[in-house]
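Novice: Take a look at the following structure, please.
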Amino acid sequence: MSLPAMALPRRRRRRERLPLLALFLLLGAALLLALGIGAVPITPIQILSILAERIGLPGFAETSTAETAVMLSIRMPRVILAVVVGAGLAVSGAALQGLFRNPLADPALLGVTGGAGLAAATAILFGGGLLATLPAAVAPWFLPGAAFLGALTVTALVYGIAMRREGMDLGTLLLAGIALNALAGAGLGLITFVSEDRQLRDITFWMLGSLAGTAWPQLLPVAGMISIALALLFRLARPLNAMLLGESEAFHIGFRVESLKRQLVIITALASGAAVALTGTIGFVGLLVPHLARLIVGPDHRRLLPVSALFGATLLLFADLIGRLVVLPAELPIGVVTSFVGAPFFLWLLLRGEARN
Amino acid sequence: MLALESATLARGDRIVLEDISLRLGSGEVLALLGPNGSGKSTILHALAGELKPAAGAAMLDGISLAEWQPAALARRRAMLAQQNRLAFGFRVAEVVALGRSAHHATAAENDAAAAAALDAVGLADFAERDYRKLSGGEQQRVHLARCLAQLWTAVRTAEPRYLLLDEPVANLDPAHQQTVLRVARKMAAAGCGVVVSMHDLNLAATHADRLVLLEGRGFAGEGSPAEVLTPNLVERVYGAPMLLLRHPESGAPILVPAADRSAK
């Protein structure tokens, strides 16, 4: 009787460590490629040398000031943004899929994407005049700030509608999210209808997502917020596992379900809201990555959430790299790349599952 | 002592049971019987601390269930729901281990609890199987094992634990119905109080110490199987004529439908 239980841990460990190691290597490769490839090529050795010098160690490769500047002030923020946004969207998606016990959930469901899009478009439409009156130091915060507030406002509405006397109703939460997303979409349509050509182009580009033009001052609060959100979500892995059994069952085995639901909605809204605020809409990462991660490590959130984070970061790095390289000297919007790669891959997964059954 | 004291239980605005009292001690198997919709599950949800009485109280050791911390409550009572939906591909051992969530135990203790629980429901060899690929009846037994693991203790504790089972045998073949009800009996022998709701009057008569038969908004009968399962009472509650027989071995009452006279 105790035999299977004793044989279990070792087998489990081997099964988990290998993919984790492979993912770390893949992420490392993606980082070196993303930092190295571009108009000013930088070799991996140079990258490591610049990083070493940066933290006070002696450099070990010849690097020019131009290379150092390009890497540290242009590519580095962009790469970090890709990592935190990819990880933030993927882990939010995984957590929401656990909360709703539905593998089709993603951060857009809370109204985050719709709210951010509507607010960003409004800011672009009316912002021109306002922006001229703002001090130069505030200007770069205008659009991300509006998008972030828009995301949180719509999520707060969805949250408010779903709150009942007995607690939060997840079915209502889901439907309210869909309805408010549709409403935000209609508002967005109205705005594009009345915009001028240049505004229309700005709105369209925002909706397609981009990591370009990221500067350190805007990156740091976003990276900080997403990192904190991720740390908090990782701590909720065990209650999330319990939620897969159902809300009642999660309570029966000892979890505070109401508080858990509130925390999950708020934290995922902050993480995905911060992510889309700087980058615009990036589709499919929150939906696709948790599925991939689940295929490799199974549904246990203690492994699923960290692996989703690694996967999401790597995926977005590669997507951004592809977007930068395929139509030189222009750039493809990253949302286009993630959906172009993600959708067929998702279909392939579905069909493969079908064939297996 | 797990108890309902003059409790009125409602689902939304609809009052299901009015002013009922029920006490469950350790070492006892109590069966809840009654027609569909008579409130068997409602009582179990109230005893689990999930449904707060509209009036009266649900208490464990004299303290209202609403005041218990969920984790502390989970170490004292487990509940098996009527339907368990789990759409994600956990291994069986992982599902059972979820029952240990509220315990601050060592990994070895948790593994021992999960293994003992799987063994008790006859699924010792299933630990590594994909939960989703099991039959409905096997899945139900996995969840029973999860509940057993939740109540499992390495040493026998002074505080009695309570196992609440909502129609645990509804989807099982006769052999596994026996398995499950024997598990309930074993848990009672180990010092648990067990409440089990079911439809099969004869199984209840064979395996339970005490029966509660629900009707309207209250109890039509409460007591030993012989006291509750009388043809008159059962016919009144279910509206179907019954004959009373005796179990040839145990002497427990057995009710069978009376022949339909109008068809002759």
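The values are calculated or read from the model by the stated rules, or taken from the named source; none is laboratory data. Predicted model only: the values in this text are computed from it and were never measured. Here Cβ is always computed from backbone atoms with ideal geometry, including for glycine, and neighbour counts include all displayed protein chains. Just the protein is used for accessible areas: all its heavy atoms, side chains included, with ligands, DNA and RNA removed. Shrake-Rupley method; radii C 1.70, N 1.55, O 1.52, S 1.80 Å.
Novice: Among residues belonging to the range A:63-81 that are in contact (Cβ under 8 Å) with a residue 60 or more places away in the chain and open to solvent by less than 40 Å² (accessible area, probe 1.4 Å), point out the one that is nearest to A:I45 (Cα to Cα).
Specialist: Of all residues in the range A:63-81, those in contact (Cβ under 8 Å) with a residue 60 or more places away in the chain come to A:73, A:77-81.
Remaining after also requiring open to solvent by less than 40 Å² (accessible area, probe 1.4 Å): A:77-79, A:81.
Details: A:P77: 19, A:R78: 20, A:V79: 17, A:L81: 22 Å.
Restricting to residues being in contact (Cβ under 8 Å) with a residue 60 or more places away in the chain and open to solvent by less than 40 Å² (accessible area, probe 1.4 Å), the top hit is A:V79.
Novice: Starting from the range B:63-88, take each residue that is facing chain A (nearest Cβ under 7 Å) and under 22 Å from B:E167 (Cα atoms) and list its partners that are open to solvent by less than 10 Å² (accessible area, probe 1.4 Å) and β-branched (V, I, T), counting only C-beta distances under 8 angstrom and pairs at least six apart or across chains.
Specialist: Filtered contacts from the range B:63-88: B:A74/A:I253; B:A78/A:I253; B:L86/B:V95.
Novice: List the number of the failed condition for A:R11; all other conditions in (1) at pLDDT below 90; (2) surrounded by 12 or more Cβ atoms within 10 Å (Cβ to Cβ) hold.
Specialist: (2)
Novice: Still on this structure: Taking B:T153 as meeting all but one of (1) under 17 Å from B:Q82 (Cα atoms); (2) surrounded by fewer than 18 Cβ atoms within 10 Å (Cβ to Cβ), write down the number of the exception.
Specialist: Answer for B:T153: the failing condition is (1).
Novice: (1) among the hydrophobic types (A, V, I, L, M, F, W, C); (2) open to solvent by less than 10 Å² (accessible area, probe 1.4 Å); (3) modelled with pLDDT under 95: which one isn't true of A:V222, the others all being true?
Specialist: (2)
Novice: Let me ask something additional. In this structure, is B:D125 of a type in the set (D, E) and more than 8 Å from chain A (Cβ to nearest Cβ)?
Specialist: No; evaluated as a whole, the condition is false for this residue.
Novice: Could you tell me whether the range A:325-333 includes any residue that is farther than 20 Å from A:V84 by Cα, open to solvent by 10 Å² or more (accessible area, probe 1.4 Å), touching a residue at least 40 places away in the same chain (Cβ under 8 Å) and in a loop (DSSP other than H, G, I, E, B)?
Specialist: yes
Per-residue answers, yes or no, for (1) more than 14 Å from every other protein chain (Cβ to nearest Cβ); (2) under 24 Å from A:P333 (Cβ atoms):
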site	(1), (2)
A:A212	yes, yes
A:L233	yes, no
A:A242	no, no
A:G246	no, no
A:F251	no, no
A:F255	no, no
A:E258	no, no
A:I266	yes, no
A:A277	yes, yes
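Novice: Check A:A119, A:A151 and return the single one that is under 22 Å from A:L287 (Cβ atoms) and not basic (K, R).
Specialist: A:A151
Novice: Looking at B:L134, B:L163, B:L151, which one is modelled with pLDDT of 95 or more and aliphatic (A, V, I, L, M)?
Specialist: Numbers: B:L134 fails: modelled with pLDDT of 95 or more; B:L151 fails: modelled with pLDDT of 95 or more.
None of the others qualify; the one that does is B:L163.
Novice: Follow-up. Just need a number here: residues in the range A:195-216 that are assigned to a loop (DSSP other than H, G, I, E, B) and either on the phi > 0 side of the Ramachandran plot or surrounded by fewer than 19 Cβ atoms within 10 Å (Cβ to Cβ) (or both). Don't jump to the end; show me each part of the working.
Specialist: Start the filter on the range A:195-216 by keeping residues that are assigned to a loop (DSSP other than H, G, I, E, B), which leaves A:195-196, A:209-215.
From the residues that got through so far, the ones that are either on the phi > 0 side of the Ramachandran plot or surrounded by fewer than 19 Cβ atoms within 10 Å (Cβ to Cβ) (or both) too are A:195-196, A:209, A:212-213, A:215.
The total comes to 6.
Novice: Can we say A:P290 is at pLDDT below 90 and within 24 Å of A:S272 (Cα to Cα)?
Specialist: no
Novice: Ok, one more. Got a sec? Which of B:L9, B:L44 is within 30 Å of B:A226 (Cβ to Cβ) and part of a strand (DSSP E or B)?
Specialist: The unique qualifying residue is B:L9.
Novice: Only one residue in A:L99, A:L104 is outside any helix (DSSP H, G or I) and among the hydrophobic types (A, V, I, L, M, F, W, C). Which one?
Specialist: A:L104
Novice: Turning to a different aspect of this structure: Every residue in the range A:255-275 that is more than 14 Å from A:H301 (Cβ to Cβ), open to solvent by less than 10 Å² (accessible area, probe 1.4 Å) and not polar (S, T, N, Q), please.
Specialist: Residues satisfying the conditions are A:K261, A:V265, A:A269, A:A271, A:G273, A:A274, A:A275.
Novice: Condition test on A:R238, is it touching a residue at least 60 places away in the same chain (Cβ under 8 Å), within 14 Å of chain B (Cβ to nearest Cβ) and either in contact with a helix residue (DSSP H, G or I) (Cβ under 7 Å, 6 or more places away or on another chain) or open to solvent by 20 Å² or more (accessible area, probe 1.4 Å) (or both)? Steps first, answer last, please.
Specialist: Values: touching a residue at least 60 places away in the same chain (Cβ under 8 Å): yes; within 14 Å of chain B (Cβ to nearest Cβ): yes; either in contact with a helix residue (DSSP H, G or I) (Cβ under 7 Å, 6 or more places away or on another chain) or open to solvent by 20 Å² or more (accessible area, probe 1.4 Å) (or both): yes.
Yes, satisfied.
Novice: Of all residues in the range B:173-232, count the ones that are more than 21 Å from B:Q83 (Cα to Cα), open to solvent by less than 30 Å² (accessible area, probe 1.4 Å) and in a loop (DSSP other than H, G, I, E, B).
Specialist: Qualifying residue count, the range B:173-232: 3.
Novice: Take the conditions more than 9 Å from chain A (Cβ to nearest Cβ), in contact with a Ser or Thr (Cβ under 7 Å, 6 or more places away or on another chain), open to solvent by less than 60 Å² (accessible area, probe 1.4 Å) and under 24 Å from A:M243 (Cβ atoms) and apply them to B:L163. Does it pass?
Specialist: So B:L163 does not fit the description; no.
Novice: Restricted to the range B:95-122, and to residues that are part of a helix (DSSP H, G or I) and surrounded by fewer than 21 Cβ atoms within 10 Å (Cβ to Cβ), which residue is farthest from the other protein chains (Cβ to nearest Cβ)?
Specialist: Filtering first and then ranking leaves B:E109.
Novice: Which pairs turn up if I take residues in the range B:212-223 that are more than 13 Å from B:L30 (Cβ to Cβ) and look for partners that are small (G, A, S) with beta carbon separation below 7 Å, at least 6 apart in sequence or on another chain?
Specialist: B:E215/B:G34; B:E215/B:S38
Novice: Is it the case that B:A145 is part of a helix (DSSP H, G or I), surrounded by fewer than 21 Cβ atoms within 10 Å (Cβ to Cβ), within 13 Å of chain A (Cβ to nearest Cβ) and hydrophobic (A, V, I, L, M, F, W, C)?
Specialist: Values: part of a helix (DSSP H, G or I): yes; surrounded by fewer than 21 Cβ atoms within 10 Å (Cβ to Cβ): no; within 13 Å of chain A (Cβ to nearest Cβ): yes; hydrophobic (A, V, I, L, M, F, W, C): yes.
No: the conditions fail for B:A145.
Novice: Could you list, in sequence order, all residues of the range A:217-248 that are in a helix (DSSP H, G or I) and closer than 20 Å to B:H104 by Cβ?
Specialist: A:F234, A:R235, A:A237, A:R238, A:P239, A:L240, A:N241, A:A242
Novice: Which residue pairs have Cβ atoms under 8 Å apart, sit 6 or more places apart or on different chains, and have a first residue in the range A:210-234 that is under 16 Å from A:V83 (Cβ atoms) and a second that is aromatic (F, W, Y)?
Specialist: That search, which allows pairs on different chains as well, returns A:Q218/A:W141.
Novice: Taking the range B:33-81 as the search range and keeping residues that are under 25 Å from B:T206 (Cβ atoms) and in contact with a Phe, Trp or Tyr (Cβ under 7 Å, 6 or more places away or on another chain), which one is surrounded by the most Cβ atoms within 10 Å (Cβ to Cβ)?
Specialist: Only one residue fits best here, namely B:R77.
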